[in-house]
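Data first, discussion second: the structure below is written as structure tokens.
The values are calculated or read from the model by the stated rules, or taken from the named source; none is laboratory data. Note that the coordinates shown come from a computational prediction; the quantities given were computed from them, not determined experimentally. Here the Cβ is made from the backbone with ideal geometry for all residues, glycine too, and neighbour counts use every protein chain on show.
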Amino acid sequence: MKTLLLILIFCKSALSFAQTPKPNYKVVPVVTSHSFFLKGGSRAIVGNSSRQVLPIELPANTVEWYYTITTTNNRKQSLNSDLTMQLDKLLIPELGISSDAVSSIAVPGGSGLCDVYLMTNPNEVNKYVNKRPAASFLMTDSRQNYISGVIHVKDFLYGSCFLVLRNPSASQGLNVTVEVTAIVLATATGSSTAMQ
């Protein structure tokens, strides 16, 4: 009788273990490549502005996301870093992306300076774009006088946000290319995959 009870307990625990969801991370492109030409501050009065906004809508179950900035003084040149493809190569589906691997993401060298602010409040975004003071941005995920690179965001993971770009130069125009990619967590049970 004890043997039968032990076998039943073992079978039940084996079945429940087999149905335990396993983490399954995926790379999801959010913005494949978007370029802005930002006029110098003194030339931005007419036509294009020295400040632009890129709305970001994060996918459900985002656990971290990345964005790249590349700059060039050439109005017609865009520098693409293929962020999604690079992250796809670094991703281990059961583990995600290691912090050591993030440093291996290659971004083309830039040739101009750009300010980029991660903002979550649309009213603050409007104030800043209209050249009024705005104080609400996430400094750890923002950069000032930035030439090029990858920014790893781990503290704002759901909903909508905005990347607000600014050319700090008074006279020289700047072309800025932005790419955004999210790492999303799904769970896999048996042969099916379901989002949490």
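Just so you know, in the stretch 88-104 the residues that are outside any helix (DSSP H, G or I) and in contact (Cβ under 8 Å) with a residue 12 or more places away in the chain include one that is surrounded by the most Cβ atoms within 10 Å (Cβ to Cβ), and it is I97.
Looking across T68, T84, one residue alone is buried (at least 16 other Cβ atoms within 10 Å of the Cβ), under 25 Å from N145 (Cα atoms) and in contact with a Pro (Cβ under 6 Å, 6 or more places away or on another chain). It is T84.
Of the residues making up the stretch 148-164, just one is among the polar types (S, T, N, Q) and farther than 13 Å from P55 by Cα, namely S148. When the criteria are applied in full, R132 meets the requirement of being part of a loop (DSSP other than H, G, I, E, B) and either among the charged types (D, E, K, R) or at positive phi (or both).
Return the residue satisfying two criteria in turn: it lies in the stretch 159-171 and is in contact with a helix residue (DSSP H, G or I) (Cβ under 9 Å, 6 or more places away or on another chain) and not hydrophobic (A, V, I, L, M, F, W, C), and of such residues it is farthest from K39 (Cα to Cα). In this case the residue turns out to be S160.
Whether any residue in the stretch 39-62 is more than 27 Å from K131 (Cα to Cα), part of a strand (DSSP E or B) and at pLDDT 85 or above is what I want to check. Yes, some residue in the stretch 39-62 is more than 27 Å from K131 (Cα to Cα), part of a strand (DSSP E or B) and at pLDDT 85 or above.
Residues in the stretch 132-153 that are within 22 Å of T177 (Cα to Cα) and surrounded by fewer than 14 Cβ atoms within 10 Å (Cβ to Cβ): M139, T140, Q144, N145. If the condition is being under 21 Å from F36 (Cβ atoms) and more than 15 Å from the chain's Cα centre (by Cα), then the stretch 81-110 contributes P108, G109, G110.
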